[in-house]
Amino acid sequence: MIHFRRCSQTGTDARCAPAENGAYLEPMPSPTASDVEINLPLIPTDNEFHYEDTPAYSALQQAGLLCREYRRKSIDDIFTGKDLQANTTQQKNMWERFKYGYYLCPGIGCAVYGATHLELFVPASHVGLLMNERNEYLFAQPGMHNINSIFMKSVSHPMPLTGGNGQNGVHISHGNRTICIVEQGYIGYAVDNGQPVLLPPGIHVWTSESLKFLRSVALNDHKIALGPYTLVTVDEGYAAITQNNGKQCVLPGGHTHLLTHKNWKFEKFITLKIQTDDLEKIQATSADNINMMVNSTVNWRIVDVEVAATMAAETMAMSGTGDVAADITKLRRDVLKQALASLAAFIGSVNYSESFHMSAAAQGNANKKSVVVGEAVDSAAQGEPSLRRQSTRPATQPPEAKTHSKGFCDNPLYDLSKMDTAVEHANQVSLILTPTLTPTLTLTLTLTLTLTLTLTLTLTLTLTL
């Protein structure tokens, strides 16, 4: 192929070819091999197959537990030693039958040929299972086989090497010969003389009297038992409580952890997310003996997981066997009881009579709108009392209005800074329960109060005009 470029000459030249617009094009030199990108088929390497180099196997790789000894690169590598290779065609089979009089003497020829030959066809992606005169277990490659032996026999129909469902994978057991295919995202679990063998993704073939393949295990579960090992994946916002020979170990979230022996047991997950619970309705009495029906909610979360798991959460079954419930029922019950006690103590310190009704208090907290204030005027100037809207600005506000506004803002039931005393009280009690631990807040409480008050007021007004 010749590549042309525009020529700067205006005359004719042997190297230039005229174009339609009168310009001249001169031939460019043909590109060399270095200028051309050659797309050749690439042979994938071990890393390009992505066997166990994905993050799902990182914890097992770091522990050095993956066994690659029996892995093969392709199906052709399955057949070794005395295994049978495809060795015939239909035409060869026909000539072999002619030699034994298969067609000339159907009776005797068929009997002799059938006794001395074994014709076998193994479909593609299948493996044949045979035994020889020494009762050795052999595999047969896909293709046509014509075996000249009296003692060779086929023990089963050909077994497929594809079509596994992941959970079971492909598992072919033929005496002491085993073929198993572990899919990506799974781990193969086998046992050799009582010791666990973990097989990464790929084709695995072995001849062993003691190594037995048991199952394939998916790696997308949060808790995976692999014999004496346990894989625990902890999401962010959670923590896992484990017991290592009776000693508590807290596993942080956002990682996959490997428990390396049988007595390192997973107990439960504990959430670190914000919890919202309704407290039961209580009747509390304020400092000035006003009864209140209080509906409240509490928002709380666990900050120190080790303290909460050690002192408050149930992490061991009372019977000593079986799993522990995954919820934090006991811890939640303790938090709600403490929040209720702290709330009652807080309400008992409130002098409610110094402030107005809660609707007036809500209006006072706004403190930006004008307030209607009654004011006595001279009856000689006007014949009747009047109400006028007076601004609440400090320059013009009467002393009485300032007093009322201050009373609204000083109501501790609607003051978030003063509500913190109940939270501090609840957290202090939690710290008192664990005096030997570092003084870190175990629980963070946010109390939201909804008060329903029933008040009976008797007013006697005497006006002198």
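Any residue in the stretch 332-346 that is in contact (Cβ under 8 Å) with a residue 24 or more places away in the chain sitting within a Cβ distance under 7 Å of a residue that is among the aromatic types (Phe, Trp, Tyr)? List the pairs, counting only those 6 or more apart or interchain.
Here the result reads 335/300, each pair linking the stretch 332-346 to a residue that is among the aromatic types (Phe, Trp, Tyr).
For residues in the stretch 76-98 being open to solvent by less than 70 Å² (accessible area, probe 1.4 Å) and not acidic (Asp, Glu), which is nearest to residue 135 (Cα to Cα)?
Here the answer is 84.
Among the listed residues 279, 214, which satisfies the condition of being of a type outside the set (Gly, Ala, Ser), touching a residue at least 40 places away in the same chain (Cβ under 8 Å) and part of a strand (DSSP E or B)?
Testing whether each residue is of a type outside the set (Gly, Ala, Ser), touching a residue at least 40 places away in the same chain (Cβ under 8 Å) and part of a strand (DSSP E or B) leaves just 279.
With (1) open to solvent by 30 Å² or more (accessible area, probe 1.4 Å); (2) over 30 Å from residue 182 (Cα atoms); (3) touching a Gly at 6+ places or on another chain (Cβ under 8 Å) as the list, and residue 101 as the residue in question, which single condition is left unmet?
Only one criterion is unmet by residue 101, namely (1).
Within the bounds of the stretch 260-267, is there any residue that is open to solvent by less than 30 Å² (accessible area, probe 1.4 Å), assigned to a strand (DSSP E or B) and not acidic (Asp, Glu)?
So far as the stretch 260-267 goes, no, none of its residues is open to solvent by less than 30 Å² (accessible area, probe 1.4 Å), assigned to a strand (DSSP E or B) and not acidic (Asp, Glu).
Here are the criteria: (1) closer than 16 Å to residue 174 by Cα; (2) in contact (Cβ under 8 Å) with a residue 24 or more places away in the chain; (3) out of contact with any helix residue (DSSP H, G or I) (no Cβ under 7 Å at 6 or more places or on another chain). Tell me which single one residue 149 does not satisfy.
(1)
Does residue 200 qualify as being surrounded by 20 or more Cβ atoms within 10 Å (Cβ to Cβ) and on the phi < 0 side of the Ramachandran plot?
Criteria met by residue 200.
State all residues of the stretch 104-135 that are of a type in the set (A, V, I, L, M), assigned to a helix (DSSP H, G or I) and open to solvent by less than 70 Å² (accessible area, probe 1.4 Å); if no residue qualifies, say none.
111, 112, 115
Does the stretch 178-192 contain any residue that is more than 32 Å from the chain's Cα centre (by Cα) and not in a strand (DSSP E or B)?
Among the residues of the stretch 178-192, not one is more than 32 Å from the chain's Cα centre (by Cα) and not in a strand (DSSP E or B), which makes the answer no.
Restricting the search to the stretch 48-70, which residues are open to solvent by less than 50 Å² (accessible area, probe 1.4 Å) and modelled with pLDDT under 90?
51, 52, 54
Considering the stretch 268-295 alone, what residues qualify as being among the polar types (S, T, N, Q) and on the phi < 0 side of the Ramachandran plot?
Initial filter on the stretch 268-295 (among the polar types (S, T, N, Q)): 271, 275-276, 283, 285-286, 289, 291, 295.
Correct list: 271, 275, 276, 283, 285, 286, 291, 295.
If the requirement is being open to solvent by less than 40 Å² (accessible area, probe 1.4 Å), over 30 Å from residue 198 (Cβ atoms) and within 21 Å of the chain's Cα centre (by Cα), which of these qualifies: 230, 242, 271?
271
The values are calculated or read from the model by the stated rules, or taken from the named source; none is laboratory data. None of these values were measured; they are calculated from a predicted model. Because the Cβ atoms are built from the backbone with ideal geometry, glycine has one as well, and the counts that use them run over all protein chains shown. Side chains included, ligands, DNA and RNA excluded: accessible areas come from the protein's heavy atoms. Shrake-Rupley method; radii C 1.70, N 1.55, O 1.52, S 1.80 Å.
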